[in-house]
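Only one structure is covered here, and it is reproduced in the block below.
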Amino acid sequence: MDAWDDYTEEVMDHYEHPRNVGVVDNPDGVGIVGNPACGDVMKLSIRVENDHIVEAKFKTFGCGAAIATSSMVTEMVKGKSLDEALQISNKAVAQSLGGLPKIKMHCSVLAEDALKAAIDDYRKKKKEK
Amino acid sequence: MKTVYLDHHATTPLDAEVLEVMMPYLTTEFGNASSTTHDYGRRARAAVERGREEVAALIGAEQPDEIIITSGATESDNLAMKGLALQRADHSGHIITIAIEHKAILDTARFLEKQGFSVSFAPIDRYGLVDLEELRGLIRPDTFLITIQAANSEIGTIQPIAEIGAIAHEHNLLFHTDAVQALGKVDVDVVRDHIDMLSISAHKIYGPKGVGALYVRKGIRLQPLIHGGGHEMGMRSGTLNVAGVVGLGKAALLAKRDLVSESARLTALRDRLRQGIESRIDLVQLNGHPTRRLANNLNFSFSFVEGESLMLGCRGFALSSGSACTSASLQSSYVLRALQVPDAIAHSSIRFGLGKSNTDEQIDALLELLVENVKRLREMSPLYDMAREGIDIESFSWSEHDHHNH
């Protein structure tokens, strides 16, 4: 299979040159979603200031689409308020990448889920304080 | 750069010598091999018979008319199993196979179960090798067929078919083997190996697609799946694909001629890749048998790296993976799962299928890409971090995960 043909240039660019790989130092929120048994796991960590995401980093085990959507979502959330960030759907992430093959759309759900999980984690921690 | 083809288990390119002998039968020699009242038909018939002889020679069949021409190995597998089962007057009885067979066997077995037959799966070890004693223990008074592949297309494990054949014959059972992957790489002899039926595909041995054969030992009767003009000893009707049979025959001839030299060359190439991977990349697992494997097959799992993402990194190489993300079913390889390979490892697998055109230089270039991309993707992998922190990935409580069903 030459999967390069299935993906847009944007997807391949994010796969080859992923943005914001890593873990935020002393993160305010962390979301880990997916399952290695299903072939994809994403860890998203965020730093929050004044209810806005100022930094987001990811680590992803997954296919090219999973890596590219992870990378893209870290770019999309930067500077957004938490409520704005929660509005980002997997479809919006895929659209920003010029679309995904139909069979790969489910991979983009991982990015949306990780973002929600990271924000949840931040809000839970804040409540506990 | 042209993409380097490393998926020879899926199909092989048509050999130029094969195409050359086929060409006349696609153009001027258009006769129907059954219409032997004139020269056109007689020449077509002679070409088909020559093809049959060449196929018979490859597998050691005693008579060319034991070779039934089909549309390919899927049909051959169907014909062997259904043809034999439906021949039984009471439409019942017991078949033994293994869980890592090609889907043409597994789905046919499932179909026959619905028709009232029963099917048992002989246990295999973690390398995919069938346990002969367990196999023997499964034989029942109503068992009539053992069907076990000669070699596996994903993991390359070569089964002890001569021993299986001997067990079948001790118990007066018939033995069928799908030898699609083994032919041209493993010396198969239907007489020596006690084989009663054997499936062949032309396009896996540098022949054309759409043609194959089923060897049926003299004296065995099969119910035809396709009724009609009574071609192929009444077992498979339909006007013969003359050019296809000529191509199949030539491919068989070349496979026999080059078996020893090409197997040796492929083994060296395969071992070069294997040693390169094992010496330069840590945390890898060879799937399939360490020694009893096809000369052209390697299957490795690169822990913490998903297979499709690694294939993308190996740009310029045509590979395949056991990862769910490369299959329409979104399931990891059923073969790897049958070997009890954990799902995460199955998702991390890459199959390398070497062939005639591959060279040392290509293998070396691929190794560079593998080394570079495994490193890069592991740095991106949360699982790699967890493993380094000493967290057990298997027992970690992962989130409920249903995004595949969205």
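A short reminder: the numbers here are calculations on the coordinates, not readings from a lab. All values derive from a computational prediction rather than experimental measurement. Please note: Cβ atoms are built from the backbone with ideal geometry, for glycine as well, and neighbour counts cover all protein chains shown.
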Revision key, fill the gap. Projecting the Cα atoms of B:A213, B:S35, B:S333 onto the charge dipole of chain B, where Lys and Arg contribute +1 and Asp and Glu -1 at Cβ, the residue farthest towards the positive end is B:S35
Practice item. Can you check what the net charge comes to around B:P208, using other residues whose Cβ is under 12 Å from the Cβ of B:P208 (Lys, Arg +1; Asp, Glu -1)? Key: +2
Review point. In nanometres, what is the gap between the two model label sites at A:Q87 and B:F121, each 7 Å from Cα along Cα-to-Cβ?
Key: 5.0 nm
Revision key, fill the gap. Note: B:H91 to B:R257 extended length (0.36 nm per residue) minus current alpha-carbon separation gives 55.5 nm
Exercise for review: Bin all alpha-carbon pair distances of segment B:207-327 at 10 Å intervals from 0 and give each bin's fraction as a whole percent.
Suggested key: 10, 26, 24, 23, 15, 3
Study note, to complete from the structure: Descending packing, highest mean Cβ count within 10 Å first, for B:182-191, A:105-114 is A:105-114, B:182-191
Study note, to complete from the structure: Taking only the alpha-carbon positions of segment B:259-382 as identical scatterers, the Debye log10 I(q)/I(0) at q = 0.11 Å⁻¹ comes out as -0.35
**Study point:** Sequence ranges B:99-106, B:274-281, B:316-323, B:148-155, ranked by mean other-Cβ count within 10 angstrom, highest first
**Key:** B:148-155, B:316-323, B:99-106, B:274-281
Study note, to complete from the structure: Of every Cα-Cα pair in segment B:15-256, the percentage lying beyond 29 Å is 26 percent
Practice item. Give the order of B:C314, B:C325 when sorted by the count of other beta carbons within 10 angstrom, beginning with the fewest. Key: B:C314, B:C325
Point to revise | Charge dipole (debye, nearest 20) of segment B:259-382; +1 at Cβ of Lys and Arg, -1 at Cβ of Asp and Glu | key: 300 debye
Review point. Stokes-Einstein at 25 °C, 0.890 mPa s, Kirkwood radius from Cα pairs: D for segment B:43-121 in µm² s⁻¹?
Key: 172 µm²/s
Check your understanding: Assuming R0 = 56 Å, what is the FRET efficiency of B:E133 and B:S279, from their Cβ-Cβ distance, to the nearest 0.05?
Key -> 0.95
**Study point:** Using distinct alpha-carbon pairs, which all enter the 1/r mean, Kirkwood radius of the protein assembly as shown in Å
**Key:** 25.4 Å
Review point. For B:R50, what charge total do you get from the other residues with a beta carbon under 12 Å from its beta carbon, if Lys and Arg give +1 and Asp and Glu give -1?
Key: +1
Review point. Going by how many other beta carbons lie within 10 Å of each one, how would you line up B:R378, B:R257, B:R351, B:R50, fewest first?
Key: B:R257, B:R50, B:R378, B:R351
Check your understanding: On average, how many beta carbons from a partner chain sit within 10 Å of the beta carbon of a residue in A:101-107?
Key -> 3
Practice item. Run the dipole for segment A:17-129 about the Cα centre, Lys and Arg Cβ at +1, Asp and Glu Cβ at -1, nothing else charged, and hand back the magnitude in debye, nearest 20. Key: 140 debye
Check your understanding: Counting only other chains, what is the mean number of Cβ atoms within 10 angstrom of the Cβ of each residue in peptide B:378-390?
Key -> 4
Review point. For B:K2 and B:L369, what does the FRET efficiency come to when R0 = 22 Å and r is the distance between their Cβ atoms, rounded to the nearest 0.05?
Key: 0.90
Review point. Once the dipole of the protein assembly as shown is set up with Lys and Arg at +1 and Asp and Glu at -1 on Cβ about the Cα centre, which of B:G355, B:M233, B:L369 lies farthest towards its positive end?
Key: B:M233
Revision key, fill the gap. At q = 0.21 Å⁻¹, the log10 of I(q)/I(0) for segment A:3-128 from a Debye sum over equal Cα scatterers comes to -1.13
Review point. Along the positive direction of the dipole of chain B (beta-carbon charges: Lys, Arg +1; Asp, Glu -1; about the Cα centre), which of B:L319, B:I161, B:A243 reaches farthest?
Key: B:A243
Revision key, fill the gap. Amide H neighbours of B:G322 at under 5 Å, excluding residues fewer than 5 places away on the same chain, with H built from the backbone geometry, are B:S349, B:I350, B:R351
